[in-house]
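Asks: Sharing a structure here in structure tokens format.
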Amino acid sequence: MNINTHLATMPAGYLFAEVAKRVKAYQAENPQSSLLRLGIGDVTRPLCRAAVDAMKKAADEMGTFEGFHGYGPDFGYDFLIDAIIAGDYTARGIDIGRDEVFISDGAKTDVGNLQELFAADARIAVTDPVYPVYVDSNAMAGRLGTYQGGKWSNLIYLPTNAENGFVPPLPREKADVIYLCYPNNPTGTVLTKDQLKVFVDYALANDSLIIFDAAYKAFITDDSIPRSIYEVPGARQCAIECCSFSKTAGFTGTRCAYTVIPRDLAFSGGNFNKMWGRRQATKMNGVSYPVQRAAAAVYSPEGQEQIMESIRYYHENARVIREGLQKAGVGVYGGVHSPYVWMKTPGDMKSWDFFDLLLRKANVVGTPGEGFGPCGEGYFRLTAFNTLENTRAAVERVVKVL
Ligand code: PLP
């Protein structure tokens, strides 16, 4: 039988595997070394009390005849959808309906699956560097051509770097789909409403779709920075938004997220809200009742206070990294509305060489920028997901090496 050759010939997802391999080899040679890890994008603080209590209560309900829940509604329980709409949209003056929110087990799942809405020859654009799921999911579906010299032949790259202030240029050729992630992984940078509007206007003029990944919106500290693309006029006619409880509320191991698709969003006569509903109802059976109860509890006043405590903790870590490196004269970006700090490598060092230098001389593990795309070369990502003590110690060690 014929197989999906696009999937079979995918380049290995080498970034974190290669990081782990080099760390393991170093530890085997230097068993006494004490490594500090500022590399991983997983949260380190526990679930908030409100979510844990709601999950326990829901688990108890599940053990009774009256409170048992089998398969839930295909797109999520109304109690969670209503909490999302009230907490994340109505509160910011955005009108979103119940029929426009789809609950899922992860933003990774959704941003990976959304490409099923597009034709096989749809032209895709991504910012570079980029969260790899947007690229790989389209490559597996055969949309990106061949992979050579670290680039896909049929992918439109929108370089973001210090030279353009991390504001991506518009595609020079027509893109059918543009993936945007703000606050950005990996650069930690944000776009203003006016900068985002440039993309919305492009999409409206070119009949393009924007997939807006807002997984890190909870880290935004300035009210003028858009937390949702629907704050930009016209976005309802051209954008899908993916959000997650992972970084907002520490749900990376608990799994709950949601995607918003406006009910009138349509391309070539296809209604994307209806198409996605059809797809989801066919291929998934929802998120468990206790997890949806836990997610809803995040919007309670206690839940909000508790998750903000963790976000403030990560913000402080990011500040320590940012200011420590700035004092040492390093070019530092992001880390204000984001748990990610993106630094320029010293003397334009290759990002993997800098990785090795920090590993060996500072015993600090970060992530080489090149792993996120060609324009990540010469940059390095450090994350706020550690303890404050370890973060301080790691920054001191990095500064010493610099
Ligand atoms: N989107 C971005 C930009 C991410 O960085 C991540 C996780 O690191 C995700 C989505 C995944 O979110 P989830 O845990 O909801 O699958």
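Asks: How many of the residues in the range 174-197 are β-branched (Val, Ile, Thr) and more than 19 Å from Arg123 (Cβ to Cβ)?
Replies: Quick first cut of the range 174-197, residues β-branched (Val, Ile, Thr) only: 177-178, 187, 189-190, 192.
Keeping just the survivors that are more than 19 Å from Arg123 (Cβ to Cβ) gives 187, 189-190, 192.
Here the count works out to 4.
Asks: Let me ask something else. Name the residue that is least open to solvent (accessible area, probe 1.4 Å), counting only residues in the range 218-239 that are of a type in the set (D, E, K, R) and in a helix (DSSP H, G or I).
Replies: Taking the range 218-239 and keeping what is of a type in the set (D, E, K, R), we get 222-223, 227, 231, 236.
So of that shortlist, the ones also in a helix (DSSP H, G or I) come out as 231, 236.
Details: Glu231: 32, Arg236: 72 Å².
Applying the filter and picking the extreme gives Glu231.
Asks: On to the next question. Could you give me the residue pairs with C-beta distances under 6 Å whose first residue belongs to the range 1-27 and is over 20 Å from Arg360 (Cβ atoms), whose second residue is assigned to a helix (DSSP H, G or I) wherever it lies, and which are 6+ apart or on separate chains?
Replies: His6/Met140; Leu7/Met140
Asks: If you don't mind, there's one more thing I want to ask. Quick one: Ser246 ticks every box in (1) within 16 Å of the ligand (Cβ to nearest atom); (2) among the polar types (S, T, N, Q); (3) part of a loop (DSSP other than H, G, I, E, B) except a single one, so which number is it?
Replies: (3)
Asks: Right, next: Just the residues that are outside any loop (DSSP other than H, G, I, E, B), farther than 18 Å from Lys247 by Cβ, touching a helix residue (DSSP H, G or I) at 6+ places or on another chain (Cβ under 7 Å) and open to solvent by less than 60 Å² (accessible area, probe 1.4 Å), please, taken from the range 90-114.
Replies: Scanning the range 90-114 gives Glu100, Val101, Phe102.
Asks: Something else now. Inspect the range 63-80 for any residue being of a type in the set (A, V, I, L, M) and loosely packed, with under 13 Cβ neighbours inside 10 Å and give the result as yes or no.
Replies: Pass one, the range 63-80, residues of a type in the set (A, V, I, L, M): 80.
From what is left, the residues that are loosely packed, with under 13 Cβ neighbours inside 10 Å are none.
No, the conditions are met nowhere in the range 63-80.
Asks: May I pose another question? Scan the strands (runs of 3 or more DSSP E) fully inside the range 315-402 and keep the ones with 1 or more residues being in contact with a helix residue (DSSP H, G or I) (Cβ under 7 Å, 6 or more places away or on another chain) and open to solvent by less than 10 Å² (accessible area, probe 1.4 Å). Even if it seems obvious, please write down each step before you answer.
Replies: Numbers: elements: 332-334, 340-344, 379-383.
Where strands (runs of 3 or more DSSP E) fall fully within the range 315-402 and carry at least 1 residues being in contact with a helix residue (DSSP H, G or I) (Cβ under 7 Å, 6 or more places away or on another chain) and open to solvent by less than 10 Å² (accessible area, probe 1.4 Å), they are 340-344, 379-383.
Asks: Let me ask something additional. Is it the case, given these coordinates, that Ile85 is of a type in the set (A, V, I, L, M, F, W, C) and either at positive phi or not in a helix (DSSP H, G or I) (or both)?
Replies: Values: of a type in the set (A, V, I, L, M, F, W, C): yes; either at positive phi or not in a helix (DSSP H, G or I) (or both): no.
Criteria not met by Ile85.
Asks: Pairs, please: C-beta under 8 Å, at least 6 apart or cross-chain, first residue surrounded by 18 or more Cβ atoms within 10 Å (Cβ to Cβ) and in the range 197-209, second basic (Lys, Arg)?
Replies: Here the result reads Ser208/Lys174, each pair linking the range 197-209 to a residue that is basic (Lys, Arg).
Asks: Answer yes or no as to whether Lys283 is within 14 Å of the ligand (Cβ to nearest atom) and open to solvent by 20 Å² or more (accessible area, probe 1.4 Å). It would help to see each step written out before you state the result.
Replies: Working: within 14 Å of the ligand (Cβ to nearest atom): no; open to solvent by 20 Å² or more (accessible area, probe 1.4 Å): yes.
The answer is no for Lys283.
The values are calculated or read from the model by the stated rules, or taken from the named source; none is laboratory data. A quick note: this is a predicted structure, and the numbers were derived from the prediction, not measured. Methodologically, a virtual Cβ is constructed for each residue, glycine included, from the backbone with ideal geometry; neighbour enumeration extends over all protein chains shown. Only protein heavy atoms, including side chains, enter the accessible area calculation; ligands, DNA and RNA are left aside. Shrake-Rupley method; radii C 1.70, N 1.55, O 1.52, S 1.80 Å.
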